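Shown next, in structure tokens, is the structure this report addresses.
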Amino acid sequence: MRHIAIVGSGPAGYYTAEAALKLWGEEVQIDVFDALPVPYGLIRTGVAPDHQSIKGVARRFEKTALNENVRFVGNVKVGEDINIPDLQSLYHAVVLATGAPRDKALDIPGKELSNIFGSAAFVGWYNGHPEFAGLAPDLSGKNAVVIGMGNVALDVARILAKTRGEFAGADIVEHALDALDASRITAITIVGRRGPHQIMMTPKELGELMHLERASPRVDPADLPEESADALLEPGLRKSVTHLRSFAAIPENIRGEAAIDIDFDMFASPIAFHGDDGHVREIELEETRVEAGRAVGTGKTYRMPADLVITCIGYRTSPIPDVPFDDRAGRFANDEGRILPGLYCVGWARRGPSGTIGTNRPDGYAIADLIAADLASKAIDTGSKQGAAGFDRFAEEHGITPVRFSDWQKIDAAEVAAARDGAPREKFVDVEAMIAAGES
Ligand code: NAP
């Protein structure tokens with residue numbers, strides 16, 4: 001029997017478990033750990049609440065989770081409740097699928113002012129992540145600034161712009177829905193340090209901005225390169241740029257009808273925040289030009305009102321004691337997923353925060369293949385391991401009470417039962433409430 005511990009129950013974790021089951025069937029026993037009492041990682045706390053169809057992949061992970069040879073071991077913090085050497089003594093392979101849950105810092109003067117949040121925190125807030133449920137952003141100002149030109153920036157801008165009615169069918173948590181309903185934001189500026197040809201936003205997500213009830217996107221035509229230059233772009237980016245061109249072409253009288261402007265401010269690099277009484281009120285930006293693909297400052301600066309700032313500039317993996325970490329890249333130091341003999345990483349923890357949920361499928365399958373190769377070549381210890389039974393003894397000795405998948409099923413049922421009309425669920429936003437629902 002092969003014993004595998006997967007740390008992290010998000011897409012990378014469950015795709016790896018699925019791949020291991022495909023390889024070894026009943027000859028593998030897999031424990032999927034999570035620090036939270038609930039599974040699915042970014043599917044629950046990262047994917048936008050109004051993108052329910054993306055969340056449908058959880059059904060596939062559930063099938064894996066319900067396999068007899070797979071256990072969910074929730075509410076266990078690896079690195080705190082149990083360390084990596086102990087896990088390695090129990091399992092043949094330990095796979096870190098812990099994602100990249102920390103915000104990459106925007107280290108500029110004024111960053112300590114209040115009402116500036118990283119996207120991990122802000123997205124966590126509206127998605128009910130227990131760590132961020134208490135964030136309480138101040139939405140009473142008119143001007144929100146969203147920094148970054150990726151899909152997370154789009155998610156944040158769209159969520160800030162939507163009406164209560166547009167959240168019908170979404171699993172946005174009640175505290176965020178109420179706060180957004182009372183929001184006074186009328187201008188959302190998406191700031192990008194490079195130009196239209198360098199955006200990371202994908203066409204489908206950009207297109208959604210055209211269908212918002214009370215908000216309209218705005219692009220300065222002067223920021224757009226000659227249309228003929230679009231021909232050289234790869235097709236996805238070309239489609240995204242076509243959306244930007246259509247935003248630039250919206251007539252002023254139509255745009256003027258929208259209660260909320262979503263403005264793209266490109267070729268602008270943040271250099272400082274300014275505030276009063278400790279609260280952010282302005283962002284200072286330096287105009288840039290793109291040289292050899294890089295944003296280069298021109299020395300020309302300007303200020304823009306900013307009562308709320310969300311930085312959506314990427315994420316970092318959280319280090320775990322005893323695991324080599326590449327601080328510059330913000331992820332575990334690894335060679336194609338191998339960290340140390342018997343210790344692997346997968347998904348964002350391996351490659352950084354890129355790609356879609358589906359990108360983690362080949363990633364998970366590749367790690368399972370690596371483990372198979374290392375077992376076959378005896379590059380890792382192939383002797384007998386205690387696996388799940390050994391962990392259960394460890395847990396008992398150390399007073400750890402894991403949340404099992406059957407407990408999650410009760411939590412799930414309670415959330416579904418508490419859903420407001422038309423919504424799929426009302427999430428528990430604190431760990432104690434989750435555990436209590438699991439025990440009921
Ligand atoms: P991303 O796509 O890498 O975009 C990050 C943005 O931040 C880039 O525009 C980058 O600009 C900018 N940035 C980085 N450092 C900066 C700095 N110091 N100052 C100013 N701007 C800075 O990352 P993301 O939006 O966080 O998304 C992460 C991954 O999740 C992506 O693969 C994304 O597609 C995926 N995702 C997908 C969906 C979906 O499919 N619906 C939704 C959300 C997220 P430069 O390019 O100039 O570095």
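Some observations on this one:
- Among the residues of the stretch 122-150, those identified as of a type in the set (Gly, Ala, Ser) and surrounded by fewer than 18 Cβ atoms within 10 Å (Cβ to Cβ) are GLY134, ALA136, SER140.
- Filter pass, PRO109 being closer than 21 Å to ASP171 by Cβ and either within 16 Å of the ligand (Cβ to nearest atom) or not basic (Lys, Arg) (or both): no
- Pick from the stretch 369-408, criterion in contact with a helix residue (DSSP H, G or I) (Cβ under 7 Å, 6 or more places away or on another chain) and more than 25 Å from ILE435 (Cα to Cα), ranking: modelled with the lowest pLDDT: THR382
- The stretch 179-191, subset part of a loop (DSSP other than H, G, I, E, B) and in contact with a helix residue (DSSP H, G or I) (Cβ under 8 Å, 6 or more places away or on another chain), residue least open to solvent (accessible area, probe 1.4 Å): ILE185
- At least 1 residues being surrounded by fewer than 22 Cβ atoms within 10 Å (Cβ to Cβ) and among the acidic types (Asp, Glu) is the threshold, and among the helices (runs of 4 or more DSSP H) wholly inside the stretch 42-90 those reaching it are 58-65, 84-90.
- Hey, ASP138 more than 30 Å from ALA376 (Cβ to Cβ), touching a residue at least 24 places away in the same chain (Cβ under 8 Å) and among the acidic types (Asp, Glu) or not: yes
- Number of the exception - GLU286 against (1) assigned to a strand (DSSP E or B); (2) within 30 Å of HIS211 (Cβ to Cβ): (2)
- Options PHE391, PHE405; residue that is open to solvent by less than 10 Å² (accessible area, probe 1.4 Å) and either basic (Lys, Arg) or touching a residue at least 24 places away in the same chain (Cβ under 8 Å) (or both): PHE391
- The stretch 167-178, residues that are under 12 Å from ALA48 (Cβ atoms) and in a helix (DSSP H, G or I): PHE167, ALA176
- Flag if ARG214 is more than 18 Å from HIS243 (Cα to Cα), more than 10 Å from the ligand (Cβ to nearest atom) and free of Cβ contacts under 8 Å to residues at least 40 places away in the same chain: no
- Of all residues in the stretch 112-157, those being part of a helix (DSSP H, G or I), within 10 Å of the ligand (Cβ to nearest atom) and under 24 Å from PRO203 (Cβ atoms) number 8.
- In the stretch 91-117, the qualifying residues are those that are aliphatic (A, V, I, L, M) and over 19 Å from ILE320 (Cβ atoms), and the one that is most open to solvent (accessible area, probe 1.4 Å) is ALA105.
- Counting only residues that are without any contact (Cβ under 8 Å) to a residue 24 or more places away in the chain, away from the ligand (no atom under 11 Å from the Cβ) and under 21 Å from SER354 (Cβ atoms), the stretch 178-210 holds 0 of them.
- Restricting ILE313, ILE367, ILE357, ILE320 to those that are open to solvent by less than 50 Å² (accessible area, probe 1.4 Å), within 13 Å of the ligand (Cβ to nearest atom) and touching a Gly at 6+ places or on another chain (Cβ under 6 Å) reduces the list to ILE313.
- Yes/no for LEU154 being surrounded by 22 or more Cβ atoms within 10 Å (Cβ to Cβ) and touching a Leu at 6+ places or on another chain (Cβ under 7 Å): yes
- For the stretch 1-37, the set of residues classified as assigned to a helix (DSSP H, G or I), acidic (Asp, Glu) and open to solvent by less than 30 Å² (accessible area, probe 1.4 Å) consists of GLU18 only.
The values are calculated or read from the model by the stated rules, or taken from the named source; none is laboratory data. Values in this document were obtained by computation on a predicted structure and should not be read as measured data. A quick note on method: Cβ atoms are made from the backbone with ideal geometry, for glycine too, and the neighbour counts reach across all protein chains shown. For the accessible areas, the whole protein counts, side chains as well, though only heavy atoms, and no ligand, DNA or RNA atoms are used. Shrake-Rupley method; radii C 1.70, N 1.55, O 1.52, S 1.80 Å.
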